[in-house]
Amino acid sequence: MKPILRNILVYGAFIGVVAAYGLLQKSTYYLQLATFVGLNTLLAVGLNMLMGYAGQISLGHAAFYGLGAYVSGMLTVHLGWSPWLTLPCALLAAGAVAFVVGLPTLRLTGYYLAMGTLGFGMIVNILFREFRRFTGGPSGLPGLPELTIGSINLSHGANALFLVWGCVIAAFFICERIVNSRMGRALRAIHYSERAAAAVGVDTASAKLAVFVFAAVLAALAGFLYAHMITFISPGSFNFLASVKLVAMVVIGGMASIWGSLLGASLLTLLPDFLHIFSEYEMIVYGLILMLVMIFFPEGLFRNLVKLYERAKKR
Amino acid sequence: MPEFYQYLFSGLTNGAIYAIIALGFSMLFAATDLINFAHGEFVMLGALILVTLWPVMGLPLPLAFVLAVLATGILGIVFERLAIRTVKKPEPIVLVIITVGAGIFLRGVAMIIWGKTAKGAPPFSSMPPIELAGAYLLAQSVWILGIVLATVLAMHFFYKKTLTGKAMSACAINKRAASLLGIATQMMTLLAFAVSAALGGMAGVIIAPITMNEYEMGAILGLKGFCAAMLGGLGNSWGAVVGGFALGIAEAMAVGYVSSSMKDAVAFLLLLLILYVRPTGILGGKAVTRF
Amino acid sequence: MSAPKKDEAARPLLALSGISKSFGGVRAAADVSFAVERGSITGLIGPNGAGKTTLFNIITGVYSKDCGSILFDGKDLGKSPVHERVSLGIARTFQNVELFSGMSVLENVLVGRHVRTRNGFFGAVAQLPRHRAEERHAHEHALKMLDFVGLAHVAKKPAGDLPFGWQRLVEIARALASDPALLLLDEPAAGLNAIETRQLGGLLGQIRQRGITLLLVEHDMSLTMEVCDCIAVLDQGRKIAFGTPRQIQADKAVIAAYLGQEEF
């Protein structure tokens, strides 16, 4: 199938499903849930580029999510800026921090890299908690303005859904293009063998830094959207556990699989919601799922589902 | 000047805790190349089990102590059997998620069993604080320091003088060679998990009297203990001790002389510092080549 | 500044002088000096542990040298990083064949073309005509390289699925994709049978005919003696001989170094 045709079909279907859901779903609760799936997908697909394709692990990705939310939050609450004006600031801030932090950290390899990102994530979270005057401290920053264009409110209901999923679809498109390009090949090469990639001329340090910044900017976008939809942010949403959940979404969904991010994000967003019924047992079930999927489906659910499908086709 | 000693004592006490938690991380990593993100939960379980056995059920302290440590050790064995041995693809990233998931699971279990309210425990001995150089040293701190030092010496003896200990060291250095020499490497892995978990449990037991014990306490302790292990050199037992005390004292001094909001940040700042400057840690650890 | 053509042709492509490198207490390279002439096939041999791969790593920039200098085409390589040396014209293969196993054969060779192409993130997303043109040309060039080594028919297969001998060839095609002036091959004949080795010899000749200078580390003596114009011999980090295959075969020091080795 020619790529253009395939793209039209796939993205057309994607847009169609989102549009249909937004127009037909009447419950604000389920609309918001679907919007959250979108936010997490945005986070997961960026992290997947870093972890799945380039092979670098980050245990502090929630920090960039938080940076996007807090930079925009502080500018709108303390300085009264319009949220749209703060969007480039939030993205730039996250990108700049990712650049500065990435320079020394990405030189590390293996477990050291994981630990470096973990340390960075913890420090950012502590900053959110301690700089009370700016961030509101542990109890959070309330009163963020909603997103509006003229008289249209984009922070509620179907409009929010369309905005977020619009960003997700754009992100998917961009990521697919990157993966199938010279840069994407270079990133994948780094994953398979960093020293061979260098030996054939890939500037591995720059490539890793570039994808790290890219993932951070996507996360900051998600943070911005989250902040102005919930209009309240607190450090607890951007802690180590949040970073772990993001890693889990990528790993469980399937590494190096853009659509796997969708699966992983959906699963791990909808699951806790479903588990709220068992509110006491939420952690137990969540922990069990993480363990069981990783023990038995280490390639990620997406890949395993694909394999099952292919095996079923043969029969 | 007395504040300096106060900070020092506080730093030494916390340092000892970090040291023993770090020791659990380090020796497990040395033996199995695995970083157990659920280690903090073993600390938490040790503390909560002690609280149940001793003040609540009224068992004599030494018995409660031993039972709590044994229980966490056994839990370590169960963990290894169920969650680690069964893994189809033991890649580091997969194992990281598994241990993190295990940590969350254990936290959830603890919440069900012990609820959300924090529990206290009385100190091991009812002596009043000792005055030293114008500062006060809690009796419990003396217990902590003493037990940690005794444990470290016992571990050193174990590794250097006993056959099992030497076998475990051999596995840590080169698993293939060790197994060719007839060492049951799978047994050694199991033992490493048991000992590591027991060390975590012991850490919990000895801090129970001076902390608010509840299901979330393991999270930050585990992370800080890990930072201490990295500081001293991951995989190096003495490094864990050095790292633990270094972190404890640095933390206490930062809180005392700079600001208390810095407390948690110190551990992670030191972690980043050591990673950038000397990833193998102060004393040099086992080379981390995986991933 | 343009040097007259005659001088350029006379200047060696690669000149090592006084290269030394120690790891802890181990002297991997001790005062090694020799030159690789433009258009030649130069061999680098020596008993195991002689320091041959270390030298490769120093030339390509993976290891930093303790002292000495490396002149490539008259210019000092200094501390330039690995990827920069590739764009200067030095390419290499690895002893254990390091392909990007999950990527297709064609994609592997395409990565080899990385330094001669420029599309970045913007180009990937925007896909303007010039970006697509570059991608198209890169694909054509990669296919040509695969054709050269005789593997164009498996372009779409995952590189890890290929038999070992073919993986070797893919690695060579990948190295050639960057249009190198100097190609370093680390034991290209290792793991190949007699027929494959002979084919490799032919391929090396064809590479030389394209104007590429070759430096190869090899243990297969018949291939080395047959194909190389001159050979440098290392033993325990030191260069103990340099000359034509004939001279090397008769050299006493070389014979002594290899004494006890089964095949010579």
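On the given criteria, is A:Ile284 surrounded by fewer than 14 Cβ atoms within 10 Å (Cβ to Cβ), of a type in the set (Val, Ile, Thr) and over 18 Å from the mean Cα position of the chain (by Cα)? Here the answer is no, as A:Ile284 does not meet what is asked. Number of residues in the stretch A:196-232 that are touching an Asp or Glu at 6+ places or on another chain (Cβ under 8 Å) and either closer than 13 Å to A:Ser72 by Cβ or modelled with pLDDT of 95 or more (or both) equals 3. Would you check if C:Leu216 is in contact with a helix residue (DSSP H, G or I) (Cβ under 9 Å, 6 or more places away or on another chain), in contact (Cβ under 8 Å) with a residue 60 or more places away in the chain, of a type in the set (A, V, I, L, M, F, W, C) and crowded, with 19+ Cβ neighbours inside 10 Å? It is true that C:Leu216 is in contact with a helix residue (DSSP H, G or I) (Cβ under 9 Å, 6 or more places away or on another chain), in contact (Cβ under 8 Å) with a residue 60 or more places away in the chain, of a type in the set (A, V, I, L, M, F, W, C) and crowded, with 19+ Cβ neighbours inside 10 Å.
Do you know which residues across the stretch B:170-191 are part of a helix (DSSP H, G or I), of a type in the set (A, V, I, L, M, F, W, C) and surrounded by fewer than 24 Cβ atoms within 10 Å (Cβ to Cβ)? Of everything in the stretch B:170-191, those that are part of a helix (DSSP H, G or I), of a type in the set (A, V, I, L, M, F, W, C) and surrounded by fewer than 24 Cβ atoms within 10 Å (Cβ to Cβ) turn out to be B:Ala170, B:Ala172, B:Ile173, B:Ala177, B:Ala178, B:Leu180, B:Met187, B:Met188, B:Leu190, B:Leu191. All of (1) of a type in the set (Ser, Thr, Tyr); (2) assigned to a loop (DSSP other than H, G, I, E, B); (3) more than 9 Å from chain A (Cβ to nearest Cβ) hold for B:Thr13 with one exception: (2).
Scanning the stretch B:273-288 for residues that are assigned to a helix (DSSP H, G or I) and over 20 Å from the mean Cα position of the chain (by Cα) yields a total of 4.
Results for (1) more than 18 Å from the chain's Cα centre (by Cα); (2) not in a helix (DSSP H, G or I), shown as yes or no for each residue.
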{"position": "A:Glu146", "(1), (2)": "yes, yes"}
{"position": "A:Asn159", "(1), (2)": "yes, no"}
{"position": "A:Ile169", "(1), (2)": "no, no"}
{"position": "A:Phe172", "(1), (2)": "no, no"}
{"position": "A:Ile178", "(1), (2)": "no, no"}
{"position": "A:Arg185", "(1), (2)": "yes, no"}
{"position": "A:His191", "(1), (2)": "yes, no"}
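Name the residues in the stretch B:219-269 that are in a loop (DSSP other than H, G, I, E, B), crowded, with 23+ Cβ neighbours inside 10 Å and within 11 Å of chain A (Cβ to nearest Cβ), would you? Within the stretch B:219-269, B:Leu234, B:Gly235 meet the criteria. As for the stretch B:12-31, it holds at least one residue that is closer than 30 Å to A:Val251 by Cβ, of a type in the set (Val, Ile, Thr) and in contact (Cβ under 8 Å) with a residue 24 or more places away in the chain. Condition first: in contact (Cβ under 8 Å) with a residue 40 or more places away in the chain, part of a strand (DSSP E or B) and closer than 21 Å to C:Pro188 by Cα. Can you find one or more residues in the stretch C:69-81 that meet it? Within the stretch C:69-81, none of the residues are in contact (Cβ under 8 Å) with a residue 40 or more places away in the chain, part of a strand (DSSP E or B) and closer than 21 Å to C:Pro188 by Cα. Residues in the stretch A:193-203 that are touching a residue at least 12 places away in the same chain (Cβ under 8 Å) and facing chain C (nearest Cβ under 7 Å): A:Val202 alone. Applying the condition of being of a type in the set (Val, Ile, Thr) and within 14 Å of the chain's Cα centre (by Cα) to the stretch C:160-203 and asking which residue is surrounded by the most Cβ atoms within 10 Å (Cβ to Cβ) yields C:Val170. Taking the criterion of being in contact (Cβ under 8 Å) with a residue 60 or more places away in the chain and over 25 Å from C:Pro158 (Cα atoms), the residues of the stretch C:89-134 that qualify are C:Gly89, C:Ile90.
Looking at the stretch A:254-288, which of the residues that are under 13 Å from B:Ile97 (Cβ atoms) and modelled with pLDDT of 85 or more is nearest to the other protein chains (Cβ to nearest Cβ)? My answer is A:Gly287. A:Leu292 passes all but one of (1) assigned to a loop (DSSP other than H, G, I, E, B); (2) over 17 Å from the mean Cα position of the chain (by Cα); which number fails? Going through the list (1) assigned to a loop (DSSP other than H, G, I, E, B); (2) over 17 Å from the mean Cα position of the chain (by Cα), A:Leu292 breaks only (1). The set of residues in the stretch A:77-110 being over 17 Å from A:Ala222 (Cβ atoms), in a helix (DSSP H, G or I) and either more than 14 Å from chain B (Cβ to nearest Cβ) or in contact with a Ser or Thr (Cβ under 9 Å, 6 or more places away or on another chain) (or both) consists of A:Val77, A:His78, A:Leu79, A:Leu85, A:Ala96, A:Phe99, A:Val101, A:Thr105, A:Gly110.
The values are calculated or read from the model by the stated rules, or taken from the named source; none is laboratory data. Every value quoted in this text rests on a predicted model; they were computed, and no experiment measured them. FYI the Cβ positions are ideal-geometry reconstructions off the backbone, even for glycines, and counts take in every protein chain you see.
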